[in-house]
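Undergrad: I'd like to ask some things about the structure below.
Derivation of every value follows stated rules applied to the coordinates shown; laboratory data play no part. Remember, it's a predicted structure, so these values are computed and weren't measured experimentally. Cβ coordinates were reconstructed from backbone atoms using ideal geometry, including for glycine residues, and neighbour counts include every protein chain displayed.
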Amino acid sequence: MADVSAANNNSMSHRDSLIRSLADGSYHSGEDLATSLGVTRAAVWKQIKKLGSLGLQVESERGRGYRLAAPIELLDQERLRATCLLGNGACLEALDVFLEIDSTNAFLVRNRSVSQNSLRVCCAEYQTLGRGRRERKWITPWGSGLCLSVAWCFSGSPRDLSALTLATGVIVRRVVHAVTQADIRLKWPNDLVWRDRKLGGILIEMTAESHGLCQVVIGIGLNVSLSDQVMRTLCDWPAGAVDLSTIMGGQVPSRNALAASLINELSSLLSDYEHAGFAPYAAEWRASDCLLNKEVSVMDARNEVSGFARGISDDGALLLELSSGSLKRIVAGDVSVRVS
């Protein structure tokens, strides 16, 4: 069993080194790749074939070698550390960057030793068990999205804790708008939207400690540069998914710059949230509400209710106007726009 495990680890190490070599999008000969990896050319060819299972498209040309169909800007731990300028006195407790992991959120939940006013960050090129709300899978091809999670410890249960997802949405929208200049909208409670297509989502997990501390892990997933084929299968929305490259007319934004901006902005949000709550973000969220005045259906664990979305309350609950004319507060559930 130990020999099998070692062989698998070696195979993954060779695969990861191969991806790093091909990330620039240039051609690399099989001979050069074999030499740099310390394997045979046949072993390189086997690893090349396996890259397709990660969603990576590899092109080959006789006499020139192999290249990725599109270059990948790998997440750079040292670059991120150098560009993380945390606000409001927050400090960076740890920053981990993985080529592959089960889930960035799950990693931080397992490693919750976060001191107060300190941020712990985890990023990954690929998640094998990426999750959205209600345990839905969220898996994108290797290096094509941004998978980022941060962990923070509040001294107690902060005000408007249930609206933290919405406040995070405002922060992510700001960062994405700064890069794209596009009209990014927010869909209650946790999605980022462009022209009715899903751009990304947010997943927050919380743990209240017996001595009063409240640990939160915020996971953010953004589609950066995906093939049309992948986007057609990525979500079940009528208009489907979208990525930043499409929004930007084919340009691919720097994932390192996006990640650094998100980390910096999230540190400011979290360090202020315990005393400021959702109020500083409410107006901006309302201005970006993509559901406002639309007929929607809301499904929770028990039943489905329909009505017209009338915005949010001051604490972030969805306000649903029922057929009777009364307003119903929705604090949890999945929302879909009703199609006539």
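Undergrad: Taking θ as phi - 60°, what are the ³J(HN,Hα) couplings along region 319-333 by the Karplus curve (6.51, -1.76, 1.60), each to the nearest whole Hz, with x for Gly and Pro?
TA: Along region 319-333, the couplings run 9, 10, 8, 7, 4, 6, x, 7, 9, 10, 7, 10, 9, 7, x Hz.
Undergrad: Here's another thing I want to ask about it. Give, in nm to one decimal, the length gained when the segment between Glu78 and Ala23 is fully stretched (0.36 nm per residue of separation minus the Cα-Cα distance).
TA: 18.0 nm
Undergrad: Further question: How do Lys46, Lys187 line up, fewest other C-beta atoms within 10 Å first?
TA: Exposure proxy ranking, most exposed first: Lys46, Lys187.
Undergrad: Now for a separate question. Could you check the spin-label model distance between Met299 and Leu85? Points 7 Å from the Cα along Cα→Cβ, value in nm.
TA: Simple spin-label model gives 4.6 nm for this pair.
Undergrad: Would you work out which of Ala70, Ser60, Thr35 lies farthest towards the positive end of the dipole of region 14-100, given +1 charges on the beta-carbon of Lys and Arg and -1 on that of Asp and Glu, about the Cα centre?
TA: Ser60
Undergrad: Still on this structure, please answer the following. With 10 angstrom as the radius, rank Arg15, Arg79 by how many other C-beta atoms surround their C-beta, starting from the fewest.
TA: Numbers: Arg15 20, Arg79 16.
Going from least to most buried by this count: Arg79, Arg15.
Undergrad: In addition: Net charge near Val337, counting Lys/Arg +1 and Asp/Glu -1 over other residues with Cβ under 11 Å of its Cβ?
TA: For residues surrounding Val337, the net value is +1.
Undergrad: Another one. Using alpha carbons only, how many degrees (0 to 90, rounded to 10) separate the axis of helix 2-22 from the longest principal axis of the chain?
TA: 90
Undergrad: Right, something else. Could you tally the net charge around Met231, taking each other residue with its Cβ under 14 Å from the Cβ of Met231, Lys/Arg +1 and Asp/Glu -1? Intermediate values should be presented prior to the final figure.
TA: Working: positive: Arg195, Arg197, Lys198, Arg232; negative: Asp196, Asp228, Asp236, Asp243.
Spelling it out: positives minus negatives among the neighbours equals 0.
Undergrad: Return the subset of Lys198/Lys328; Lys49/Lys198; Lys49/Lys187 for which the Cα-Cα distance in this structure is over 28 Å, preserving the input order. Could the numbers behind the result be given before it?
TA: Values: Lys198/Lys328 26 Å; Lys49/Lys198 31 Å; Lys49/Lys187 39 Å.
The pairs that break the limit, which is 28 Å between Cα atoms, are Lys49/Lys198; Lys49/Lys187.
Undergrad: May I ask you to derive the FRET efficiency for Arg112 and Ser53 from their Cβ-Cβ distance with R0 = 45 Å, giving the value to the nearest 0.05?
TA: Working from the Cβ atoms, E equals 0.90.
Undergrad: What does the charge add up to near Arg79, with Lys and Arg as +1, Asp and Glu as -1, over the other residues with Cβ less than 11 Å from its Cβ?
TA: -1
Undergrad: Just to confirm the number: angle between the C-alpha axis of helix 41-50 and the first principal axis of the chain, 0 to 90 degrees, nearest 10?
TA: Helix 41-50 and the main axis of the chain meet at about 20 degrees.
Undergrad: To the nearest 10 degrees, how steep is helix 164-180 against the longest Cα principal axis of the chain, on a 0 to 90 scale?
TA: Once rounded, one gets 50 degrees.
Undergrad: Mind pulling up the Rg/Rh value for the chain? Radius of gyration and Kirkwood radius, both on Cα.
TA: 1.01
Undergrad: Please turn the phi angles of region 222-227 into ³J(HN,Hα) values with the Karplus equation 6.51 cos²θ - 1.76 cosθ + 1.60 (θ = phi - 60°), one per residue in order, whole Hz, x for glycine and proline.
TA: Once θ is set to phi - 60°, the couplings for region 222-227 become 10, 7, 9, 8, 10, 6 Hz.
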